[in-house]
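See structure below.
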Amino acid sequence: MTSVDLRSDTVTRPTEAMRQAMYGADVGDDVFGEDPTVNALERRAAELVGKEAALFVPSGTMGNQIAVAVHTSPGHEVICEEHSHVVLYEMGMLARFSGCLARTVATSNGILDWPAIRSRVRAASNHFRGTGLITLENTHNYAGGRAYPMETLRRIQAESSAAGLPVHMDGARVFHAAAALRVELREIAANADSLTFCISKGLGAPVGSLLTGSRDFIKEARLVRKALGGGMRQAGVLAAAGLVALEQSPANIPAAHADAKFLATSLAGLPGISVNPDDVETNIIFFDISGTGLTNAEFTGALRKAGVLALGLAPGRIRIVTHQDVDRACCERAVEVIAGVCAAPANAS
Ligand SMILES: *Cc1c(COP(=O)(O)O)cnc(C)c1O
């Protein structure tokens, strides 16, 4: 039996329709702007989020870090939530590539609001370069897939534009935010100057992300992508899968959200596990295993032996993620396996 892989939605494999589209893709040299399939993907992405233009990039990390580089200059402060991907999981590139400082804000749920952001804003002076950019992560990965409430986003947008500060949204899972809030993607995107989203995660494409923004912003971003070695030649074979992902995969997101609720609700009843199902808004679940007396390695090792893959991200803190390659039956199997480990933790160590 194959494993139930709940480590991340990045593990999703291309569907049959994606593979067919990849096989038949019309391609050209994208560094010359001549790959018709990449061009079609970029047009479609821009249209979906309601921006003027888009750029196909190899990863979400590259999309975010290109955005930081285009919005800022060295010495600028970038305001972000303290557990955000741009600061914790992108190899220090804020400092390393753009020469920026992270001005982090602690939150209980990953969601910044304008008063918290305002407390970190600094105008340039004789002593410091000042704020160059605000970044928002939607949904917030480390906070357990939290989506920004629309009124919070609208206030941030209004106040930041009045203050002349650009906003970049790390929307790796922004399709999940839109599904959870039942709003159009473009309503969310309208509150940021630039937005990155991943097609390689919950949308199931094999590779890639889209960076979106104004025509001028994307023109600049294209040069930075080339500088980073992200100019991919006949990338239409990848973009073809992305086009299918954009059309077909969003429809699968509500089921992934329902599966995540099911998992959280089921796990909440198990001995040694602590999780609040109300915290689960989208497809990411964090739960605490301190009560089992097991280390992360012992816990995930025991799960792995029984065919369930989960990720330990901090001591006692386990993450599981639902996606289109696992169904309700897989989730039921995962609950059984986890229940078994919780009932007899001594066997696991
Ligand atoms: C996955 C992810 C990214 C980008 O990751 P890549 O692996 O570089 O594609 C960016 N932000 C968040 C919140 C993510 O979860």
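The values are calculated or read from the model by the stated rules, or taken from the named source; none is laboratory data. Here the structure is a predicted model, which is why all the values come from computation and not from measurement. FYI the Cβ positions are ideal-geometry reconstructions off the backbone, even for glycines, and counts take in every protein chain you see. To get the accessible areas, we keep the full protein, side chains included, count just its heavy atoms, and leave off ligands, DNA and RNA. Shrake-Rupley method; radii C 1.70, N 1.55, O 1.52, S 1.80 Å.
Here are the numbers:
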item: Relative contact order %, the chain, counting alpha carbon pairs below 8 Å whose residues are six or more apart; result: 24
item: Listed residues Tyr89, Tyr23, Tyr142, Tyr148 arranged by accessible area, highest first, probe 1.4 Å; result: Tyr23, Tyr89, Tyr142, Tyr148
item: Where the chain is the region considered: accessible area per residue in Å², 1.4 Å probe; result: 42
item: Accessible area of the stretch 75-219 belonging to carbon and sulfur atoms, whole % at 1.4 Å probe; result: 49
item: The chain: angle of helix 215-227 to the longest principal axis, Cα-based, in degrees nearest 10; result: 70
item: Rounded accessible area of Ser125 (nearest 10 Å², 1.4 Å probe); result: 60
item: DSSP beta bridge pairing in the chain, given as percent antiparallel to the nearest 5; result: 55
item: Cleavage-rule hits (GluC sites (Glu not before Pro)) in the stretch 55-123: DSSP loop, at most 15 neighbouring Cβ within 10 angstrom; result: Glu82
item: Burial ranking of peptide ranges 190-196, 324-330 (average Cβ count within 10 Å, highest at the top); result: 190-196, 324-330
item: Choice from Phe56, Phe97, Phe128 with maximal GNM fluctuation in the chain (Cα, 10 Å cutoff); result: Phe128
item: Residue-level accessible surface for Arg186, protein heavy atoms, 1.4 Å, Å²; result: 120
item: Reachable lysines from Lys219, criterion Cα separation under 25 angstrom, eight or more residues apart if same chain; result: Lys51
item: Heavy atoms of Asp278: accessible area, 1.4 Å probe, square angstrom to 10; result: 120
